[in-house]
1. Going by Cα centres, the stretch 1-38 and the stretch 202-262 are how many Å apart?
2. Could you pull out every residue, at least 5 positions away or on a different chain, whose amide H is within less than 5 Å of the one on SER147? Hs are placed 1.01 Å off N in the peptide plane, and Pro or chain starts have none.
3. Compute the length gained on full extension between GLU121 and LEU143: take 0.36 nm times their separation in residues and subtract their Cα-Cα distance, giving the result in nm to one decimal.
4. Taking the stretch 104-224 as the region of interest, what is the percent of Cα-Cα pairs per 5 angstrom bin, listed from the shortest bin to the one with the maximum distance?
5. In whole Å, how far is the Cα centre of the stretch 152-189 from that of the stretch 270-289?
6. Just to be sure I understand the model, the point goes 7 Å from the Cα along the line to the Cβ. What's the resulting ILE254 to LEU400 distance in nm?
7. Taking the chain as the reference, fit the longest principal axis to its C-alpha atoms, fit the long axis of helix 313-322 to the helix C-alpha atoms, and give the angle between the two in degrees, 0 to 90, nearest 10.
8. For the chain, modelled as a Gaussian network with Cα springs under 10 Å, which listed residue fluctuates most, LEU208, LEU282, LEU88?
Amino acid sequence: SAGAGSGKTAVLSERVLRKLKEGVNVNELLILTFTKAAAKEMKERIRKKIKKEPSLSSQLELIDSAYITTFDSYSLSVLKKYHYLLNLPKNIGITDSTLVQIKKEEILDNIFEELYEEKNEKFEEFISTFCTKDDKEIRNYLLNIYSKLELKKYINEYFNEEKIRNDINLFKKNILKKKEKIEEKVKELSFLMDGKNYTKLLDSLSPLLNSENYRDVKINLSVSMPRMQKLSDEEKELKEEINDGIKELKNICIYESTDEIYKSILSTKKYVECIIDILTLLNDRITQYKLENNMYEFNDVASLSIKILKEFPFAREEIKNSLNEIMIDEYQDTNNVQEEFISLISNNNVYMVGDIKQSIYRFRNANPYIFKNKYDNYKNNNGGIKIDLNKNFRSREEVLNNINDVFR
């Protein structure tokens with residue numbers, strides 16, 4: 001876990017050098033970076049280090065064929081190597097995503113027209129419930145979530161009773177936590193206010209403060225802040241924070257009971273099923289179009305590579321046995337597909353470097369919780385080892401102090 005300017009790239013390249021000195025060839029390492037520019041920089045850094053070590057001169061001949069590359073490029077190389085297993089052409093074409101997006105819109109338009117024409121009951125109820133003037137917004141929404149949903153699993157995962165009850169329990173705990181924060185602010189005021197003002201405050205808020213469950217909180221949200229005079233700036237600020245906390249609870253506690261929440265969630269199932277049906281049709285047709293035209297996006301390449309690794313054990317073992325170590329830079333920006341890919345070709349030999357504070361690619365499906373979960377486990381020596389690089393060698397002290405204040 002390496003903060004900005006702490007030398008994580010330097011450490012990673014130094015690790016490569018040590019491996020080479022121990023007899024590992026550079027083309028037995030898989031070094032994955034986030035961008036082509038980062039991969040190029042990493043390759044040049046390693047090349048310079050090798051040139052300074054006469055005993056490693058033979059590695060210079062191997063470095064250009066070594067896999068110091070991006071996830072996308074490596075998964076494409078796997079697909080090209082084993083293309084015949086899926087009856088795909090070797091010259092897999094990576095197409096412009098804009099062209100595929102236009103085709104998706106066209107296919108979705110056709111699906112909507114078909115559903116209107118056949119007067120699909122579920123679809124008509126869905127449209128009448130969520131559309132006003134036209135269905136343009138719904139179409140855009142469906143295109144937006146298309147690549148983010150695991151269609152086959154969604155209904156079973158999100159509409160089983162245990163999942164819903166667990167979510168409701170988390171919601172209730174969250175409500176009580178927010179109520180406790182209000183209590184803490186009231187307690188802070190007890191050390192600042194005169195007795196008269198504080199008694200007024202307690203009299204007004206005690207029904208809410210004494211609430212022990214969701215229903216009590218809901219019933220007692222009609223409380224209001226009393227008028228108080230001669231308050232200091234600090235008292236006014238705390239009073240405002242309490243007021244904001246009560247407003248937030250009022251905005252969240254819109255259900256009369258947790259049973260009503262349960263019924264409300266279940267009532268959305270028919271709409272979700274309609275969405276899944278539409279997206280499944282879209283997925284089938286766009287997949288067929290890509291196959292017929294040999295047009296693929298990088299997401300498709302990763303999925304097809306995973307398909308090969310899962311369905312053909314010999315290919316998986318061949319790759320696994322060829323790699324001494326897998327090194328991943330910017331690990332906080334890994335997504336679930338990439339993580340699954342790595343898990344299939346690794347053999348307790350993955351070295352990861354990243355900084356969760358620099359995770360900014362959620363919009364591209366990066367999942368920083370992959371990093372966080374490993375960090376939490378590895379700090380207890382569960383499944384791996386955690387090393388923290390906390391010292392920044394790049395930035396001025398003024399910058400560091402301000403950034404540290406923000407994160408504190």
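1. What the calculation gives is 53 Å, centre to centre.
2. none
3. Numbers: separation 22, 0.36 × 22 = 7.92 nm, distance 2.19 nm.
Extra length from GLU121 to LEU143 when fully extended: 5.7 nm.
4. Histogramming the stretch 104-224 at 5 Å steps yields 2, 8, 11, 12, 11, 8, 8, 9, 8, 8, 7, 4, 2, 1, 0 percent.
5. 31
6. With each label placed 7 Å out from Cα toward Cβ, I get 4.7 nm.
7. In the chain, helix 313-322 runs at an angle near 80 degrees to the longest axis.
8. In this elastic network of the chain, the residue with the biggest mean-square fluctuation among LEU208, LEU282, LEU88 is LEU208.
The values are calculated or read from the model by the stated rules, or taken from the named source; none is laboratory data. Here the structure is a predicted model, which is why all the values come from computation and not from measurement. Please note: Cβ atoms are built from the backbone with ideal geometry, for glycine as well, and neighbour counts cover all protein chains shown. What goes into the accessible areas is simple: the full protein's heavy atoms, side chains included, and nothing from ligands, DNA or RNA. Shrake-Rupley method; radii C 1.70, N 1.55, O 1.52, S 1.80 Å.
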